[in-house]
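The values are calculated or read from the model by the stated rules, or taken from the named source; none is laboratory data. From a predicted model like this one, the values you see are computed outputs, not experimental measurements. Here Cβ is always computed from backbone atoms with ideal geometry, including for glycine, and neighbour counts include all displayed protein chains. When the accessible area is computed, the model is the full protein with side chains, heavy atoms only, and any ligands, DNA or RNA have been set aside. Shrake-Rupley method; radii C 1.70, N 1.55, O 1.52, S 1.80 Å.
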Amino acid sequence: AMSGDSGAEAAVAEGPAGADHMQTDEQIGGQGEAAAQKEGGGKGPNYKLKFTLEGHEKAVASVKFSNCGKYLASASADKTVMVWEAHDGKHVCKFVGHTHGISDCAWSTQSDYLCSASDDQTVRVWDLKERQCLKVLQGHTSYVFNCSFNPQSNLIVSGSFDETVRIWDVKSGKCLRVLPAHSDPVTAVQFNRDGTLIVSSSFDGLCRIWDTATGQCLKSLIHDDNPPVSFVTFSPNSKFILAGSLDGKLRLWNYTTGKCLKTYSGHTNQKFCVIATFSVTGPNKHIVAGSEDGCVYIWDVQSKEVVQKLEGHTDTVVGVSCHPKQNVIASCALTNDRTICIWADEDSQ
């Protein structure tokens, strides 16, 4: 549908003919495409703090719900990855092995493995059932800042302060490819929905799209002002990327055309690599992000307006994750806080 489209309007306007605004929210993918047609469906979200998880001894850098929806994983500067029951916050297990702090963790598609990225320059692969470390992926020459499984979960991609992106074979633990990706630390890496592409971002101001099979760079996206890019993710249908930068803006790009379609602002982000994600479980599609003012911000994808601000943390919120099936958000914060908050919107289930 994207072929031959010209301009931002056409790139997202596959809604009813003569719609007077861009129909981005149907375009990012996720559940309830029919529900998305309701154009706003009335009231905004109403997330409330459900419970708080305590246990990490230092900053919590990353939280991730498992694809099955049963678990929440958290990675911390205290060198541990913790796994919690998503529905009641019960502590499941703690993975110990990294020798320095951890910046990121990610689940395999089947929710049976976790990978974690650490300042000790390694990525570790953990087996949830056996409660043990399966592999230590060695090769980066500086802090490993992020990691992600491909949908088949036979590959892991990692990004590092050594300015490279590495692709690893999970089974053997071997590095298959080193991409000389950026000219500054790599701040995020992720596979797309079918694993054929990788997106990376960096403080060098670039977002890059890579071909997984060949390691070739297919596209480089840069905003005119060239702010350092602190985060990037694919939209649920992988047609777009959402990038956060240290000018305090989140931008939705059509990477095929190289056009920036939407800009979201209102939160504070000038210093840390704050995560953003898509929420697609409710009647409307939202973007959820952390912020340096200690709040979680929720935007309507379509209108770009902040529809809710969640207050409860006492330090920069760096990590957010949306539950795959329910209107539940997890968030985590830096050293003065060290907690994980679970927020639920019971109204619009």
Treating the chain as a set of equal point scatterers at the Cα positions, no solvent, please give the Debye-formula log₁₀ I(q)/I(0) at q = 0.07 Å⁻¹. -0.26
How do 259, 135 rank by accessible surface area computed with a 1.4 Å probe, from largest to smallest? 259, 135
I'd like to compare 155-167, 186-198: which one has the highest average count of other Cβ atoms within 10 Å, and what's the full order after that? 155-167, 186-198
Expressed in angstrom and rounded, the centroid-to-centroid distance over alpha carbons for the range 80-123 and the range 221-272 is 26 Å
What is the dipole size for the chain, taken about its Cα centre, with +1 at each Lys and Arg Cβ and -1 at each Asp and Glu Cβ, in debye to the nearest 20? 800 debye
Near residue 140, within a Cβ-to-Cβ distance under 12 Å, what is the net charge of the other residues, with Lys and Arg +1 and Asp and Glu -1? -3
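Past 27 Å, Cα to Cα: identify those pairs from 58/239; 174/271; 135/219; 174/285; 129/325, in the order given.
58/239; 174/271; 135/219; 174/285
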What is the packing order of peptides 115-121, 339-345, taking the mean over residues of other C-beta atoms within 10 Å and listing the highest first? 115-121, 339-345
Please list, by residue number, every one of the trypsin sites (Lys or Arg not before Pro) in the range 267-331 that is coil in DSSP and has at most 11 other beta-carbon atoms within 10 Å. 271
Per principal axis, descending, Cα span of the range 260-326 in whole Å: 30, 28, 18
